[in-house]
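Everything on this sheet refers to the single structure shown next.
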Amino acid sequence: MAQRSDITHKYLRAKKKFPNVWCAGCGIGIVMGSLIRAIDKLELDRDNVTLVSGIGCSSRLPVYLDFNTLHTTHGRALAFATGVKLANPKMHVIVITGDGDALAIGGNHFIHSCRRNMDITCILINNQIYGMTGGQFSPTTPTDSHAATAPYGNKEYPFDIPKLAMGAGASYVARGTVYHVTQLDQLIYDGIQKRGFSLVEAFSNCHTYFGRLNRLGDSVKMLEEMKKNALPLKAAAKMPPDKVQGKLLTGVFCDVEREEYCDRYDALIQSLQGK
Amino acid sequence: MAENIRLMQGNEAVAEGAMIGGLRFFGGYPITPSTEIAEILARRLPKVGGKFIQMEDEIASVGAIIGASLAGSKSMTATSGPGFSLMVEGIGYAYMAEVPTVIVNVQRGGPSTGLPTKVAQADTMQARWGTHGDYIAIALAPQSVRETLDLTVRAMNLAEVYRTPVTLLTDEVLGHMREKVTIPEEGELEIINRQKPDVPASWYKHFEITPNFKSPMASFGDGYRFHVTGLTHDEEGFPTNKSVEILAKLTKLRNKIMRYLDDICQIETDGMEDAHVAVYAYGIVARAARQAVQMARARRMKVGQVRPITIWPSHDKKYKEIFSSKNLEAVIVAELNQGQLVYEVQRLVPKHVEVISLNRFDSELITPAQILNKIKEVR
Ligand SMILES: Cc1ncc(C[n+]2csc(CCOP(=O)(O)OP(=O)(O)O)c2C)c(N)n1
Ligand code: SF4
């Protein structure tokens, strides 16, 4: 499925925006492929899809795709997306964001979007660093890892993204990686289909900064490491805790039914208008 | 019609004007002294199928109204100084991305948290220069409750026509004082909606540079699938680093407002033909100025009044004409701040005309007597 470039080309703004800004081997392009395949499989009317992003390498993704695309300010994608969705609840609103964008400067919007439970799909590309600005540490940089602003190792503790999203009330929470593409396609597909706020963490590689500063090798090496380190939640459930320690858990962390915000607001309108 | 006459607050008048003007989306965060606007609209908007949302902060509020406007809804937020400070990021975005939005700032005393329940006009310059980068702001300032209603509608109209954020600058006293207002009949006030494209999608450029600098605006969902960004962009909305395209974009943003000053700028003058002294003041202070001018005239002093209704942009040419009135010797600039618009006036008067600042920033209003005393000092 990963090589279906005919599908991909159907959705690219091919004549307009290429070459792209990403480093060769960057995982963000893989996430873009997964997103396209998920949308194609869902047969969404592309006039009815809006991609909203913030600022960062990850947030550059929407410009390449032929949908309604909204590249906002750093951290605010979810706030803009909330306005688009509530003003036009029929729109499929998909937010593309990075770990810095969503969890540092946009952390407040992130938790409140989870809580509010609007039907928005948030694809958070977690490369554990600020790529665009040159490798400074982010809220998901592991403790003691190196970054441009953590030359002696990171003194902070990282967010666990699925736990944060679940704690804040998201209806659907999942994590995949850019190595496990078939799974990522499926998680994004399910996330878009879910009625309510869904968060899909796409674990990705920034070999240019995170890889280089931590001697993790090139993108191939980093992808191989993802392959080794990822552990499906279902498998983890059957393993002793010490074997799970330090693994990157993947799969669906939560999938619950909660009435969606726009539906609730629409019901209010109907009742006030006596319909 | 008696039922059309109501005693209402300035903040209620904003909400009333917003409903008349066709508002369909309000995103906000509570702050004194603006909160009533949100509270009223939370009640009224869903009744007409509109949307109200209380966001997690003012940055989110302005983001939400930009998103909603792009989705086709007339959108607004309301705040006061501390919230306006947070909103300037989004206001700059709305300007760059040419998204019609209205931001109401019910001014209170600052700086910082300042005086939540007291009046001030200290955000006058912030309304002009709040966001980073070169920028042409539009800001309107009413002096009465009825005018608050009218200018709310006008702010929405200007936002739609010029595809830009428009600030309505009121203040704590105007927002909370009650006056008798005749609610306009349907059709009495002009309501303008943004121009939509009528070309096929393949021809559409969301940021087209046209001879009159106005570009039709499609909404997300209309089938045009355009790109919007705060990065400097070409006519289709795609980021550019080409100096020719950068210049074209930034010049368009400027021209689309500066070429229409006659439409945008409202200035009221009174008795300027033979005035030796003029009092220049906006908003709530203009009312004291009016009284002071009348008192002075009753004492046979030749005093006139200038009241900017459109605070920004400045219609330099018009002001220069007004201030070159042949007998004019001095202009008193009365403001509830430490001196902001006075620099504008200094810039626009002939050399021989003296500009005198009358400032109050102890949280109380400037009184007619204070202004009259200043007039007497000059004479
Ligand atoms: C208000 C503001 N602060 C800082 C920046 C600079 N900036 C641009 S991208 C970025 C970090 C992006 O990191 P992340 O979201 O993890 O995305 P990545 O580039 O790693 O994909 C920062 C700090 C900005 N554009 N705006
Ligand atoms: S800097 Fe990192 S995140 Fe950005 S494009 Fe390069 S590899 Fe990807």
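Below are the figures for this structure:
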| item | result |
| --- | --- |
| Residue within region B:45-59 that is farther than 29 Å from A:His71 by Cβ, open to solvent by less than 10 Å² (accessible area, probe 1.4 Å) and part of a helix (DSSP H, G or I) present | yes |
| Total residues in region B:289-304, condition in contact (Cβ under 8 Å) with a residue 12 or more places away in the chain and open to solvent by 10 Å² or more (accessible area, probe 1.4 Å) | 6 |
| Selection within region B:232-287 - assigned by TED's automatic domain parsing to the domain that holds B:Leu365 and aromatic (Phe, Trp, Tyr) | B:Tyr280, B:Tyr282 |
| Residue, farthest from B:Ile66 (Cα to Cα), within region A:60-118, restricted to residues that are part of a loop (DSSP other than H, G, I, E, B) and of a type in the set (D, E, K, R) | A:Asp66 |
| Residue count, region B:198-229 (criterion: open to solvent by less than 70 Å² (accessible area, probe 1.4 Å), away from chain A (no Cβ under 14 Å) and over 14 Å from B:Ala97 (Cα atoms)) | 3 |
| Count - residues of region B:230-276 that are among the basic types (Lys, Arg), crowded, with 16+ Cβ neighbours inside 10 Å and under 30 Å from B:Asp150 (Cβ atoms) | 2 |
| Criterion (in contact with a strand residue (DSSP E or B) (Cβ under 7 Å, 6 or more places away or on another chain) and farther than 22 Å from B:Ala68 by Cβ) met by exactly one of B:Thr148, B:Thr152, B:Thr210 | B:Thr148 |
| Test: residue in region A:39-47 that is open to solvent by less than 30 Å² (accessible area, probe 1.4 Å), within 12 Å of another protein chain (Cβ to nearest Cβ) and assigned to a helix (DSSP H, G or I) | no |
| Residue among B:Leu7, B:Leu23, B:Leu41 that alone is surrounded by fewer than 20 Cβ atoms within 10 Å (Cβ to Cβ) and within 21 Å of B:Val181 (Cβ to Cβ) | B:Leu7 |
| Subset of region B:173-194 (residues that are in contact (Cβ under 8 Å) with a residue 24 or more places away in the chain and either in a loop (DSSP other than H, G, I, E, B) or within 14 Å of chain A (Cβ to nearest Cβ) (or both)) | B:Met177, B:Ile183, B:Pro184, B:Glu185, B:Leu189, B:Glu190, B:Ile191, B:Ile192, B:Asn193, B:Arg194 |
| Criterion: surrounded by 24 or more Cβ atoms within 10 Å (Cβ to Cβ) and either within 10 Å of ligand 1 (Cβ to nearest atom) or within 11 Å of another protein chain (Cβ to nearest Cβ) (or both) - qualifying residue of A:Ile111, A:Ile28, A:Ile105 | A:Ile28 |
| Selected residue [under 29 Å from B:Gly237 (Cα atoms) and in contact with a strand residue (DSSP E or B) (Cβ under 9 Å, 6 or more places away or on another chain)] from B:Leu41, B:Leu70, B:Leu7 | B:Leu70 |
| Residue within region A:75-85 that is more than 30 Å from B:Lys74 (Cβ to Cβ) and away from ligand 2 (no atom under 16 Å from the Cβ) present | no |
| Tabulated pairs, region B:41-61, first at positive phi, second surrounded by fewer than 19 Cβ atoms within 10 Å (Cβ to Cβ) and β-branched (Val, Ile, Thr), C-beta under 7 angstrom, 6+ apart or interchain | B:Gly49/A:Ile269 |
| A:Lys238 open to solvent by 80 Å² or more (accessible area, probe 1.4 Å), away from ligand 2 (no atom under 16 Å from the Cβ) and within 14 Å of another protein chain (Cβ to nearest Cβ) | no |
| Residue within region A:52-59 that is in contact with a helix residue (DSSP H, G or I) (Cβ under 6 Å, 6 or more places away or on another chain), among the polar types (S, T, N, Q) and assigned to a strand (DSSP E or B) present | yes |
| Output for region B:115-149, where each listed residue is touching a Ser or Thr at 6+ places or on another chain (Cβ under 8 Å) and hydroxyl-bearing (Ser, Thr, Tyr) | B:Thr117, B:Thr148 |
| Unmet criterion (only one of (1) aliphatic (A, V, I, L, M); (2) out of contact with any Cys (no Cβ under 8 Å at 6 or more places or on another chain); (3) in contact (Cβ under 8 Å) with a residue 12 or more places away in the chain) for A:Ala237 | (3) |
| Some residue of region A:204-211 being within 16 Å of ligand 1 (Cβ to nearest atom), surrounded by fewer than 24 Cβ atoms within 10 Å (Cβ to Cβ), without any contact (Cβ under 8 Å) to a residue 40 or more places away in the chain and more than 14 Å from chain B (Cβ to nearest Cβ) | yes |
| Neighbours by Cβ (under 9 Å, 6+ apart or cross-chain): first from region B:118-139, under 17 Å from B:Pro33 (Cβ atoms) and not assigned by TED's automatic domain parsing to the domain that holds B:Asn105; second small (Gly, Ala, Ser) and in a loop (DSSP other than H, G, I, E, B) | none |
| In region A:59-97, the residues that are over 20 Å from B:Ala94 (Cβ atoms), within 14 Å of ligand 1 (Cβ to nearest atom) and open to solvent by less than 10 Å² (accessible area, probe 1.4 Å) | A:Leu61, A:Ile96, A:Thr97 |
| Long-range neighbours under 7 Å by Cβ, at least six apart or interchain, first residue more than 7 Å from every other protein chain (Cβ to nearest Cβ) and over 13 Å from A:Ile94 (Cα atoms) within region A:59-80, second open to solvent by 10 Å² or more (accessible area, probe 1.4 Å) and assigned to a loop (DSSP other than H, G, I, E, B) | A:Arg60/A:Val21; A:Tyr64/A:Arg13; A:Tyr64/A:Asn20; A:His74/A:Ile55 |
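Rundown of residues vs (1) closer than 17 Å to B:Glu377 by Cβ; (2) part of a loop (DSSP other than H, G, I, E, B); (3) in the same structural domain as B:Asp150 (by TED's automatic domain parsing), yes/no style:
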{"position": "B:Ala292", "(1), (2), (3)": "yes, no, no"}
{"position": "B:Ala296", "(1), (2), (3)": "yes, no, no"}
{"position": "B:Met301", "(1), (2), (3)": "yes, yes, no"}
{"position": "B:Gln305", "(1), (2), (3)": "no, no, no"}
{"position": "B:Ile311", "(1), (2), (3)": "no, no, no"}
{"position": "B:Lys318", "(1), (2), (3)": "no, no, no"}
{"position": "B:Glu344", "(1), (2), (3)": "no, no, no"}
{"position": "B:Ser357", "(1), (2), (3)": "yes, no, no"}
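The values are calculated or read from the model by the stated rules, or taken from the named source; none is laboratory data. No experiment lies behind these values; they were computed from the predicted model shown. Here the Cβ is made from the backbone with ideal geometry for all residues, glycine too, and neighbour counts use every protein chain on show. Side chains are part of the model used for accessible areas, which takes the heavy atoms of the whole protein and leaves out ligands, DNA and RNA. Shrake-Rupley method; radii C 1.70, N 1.55, O 1.52, S 1.80 Å.
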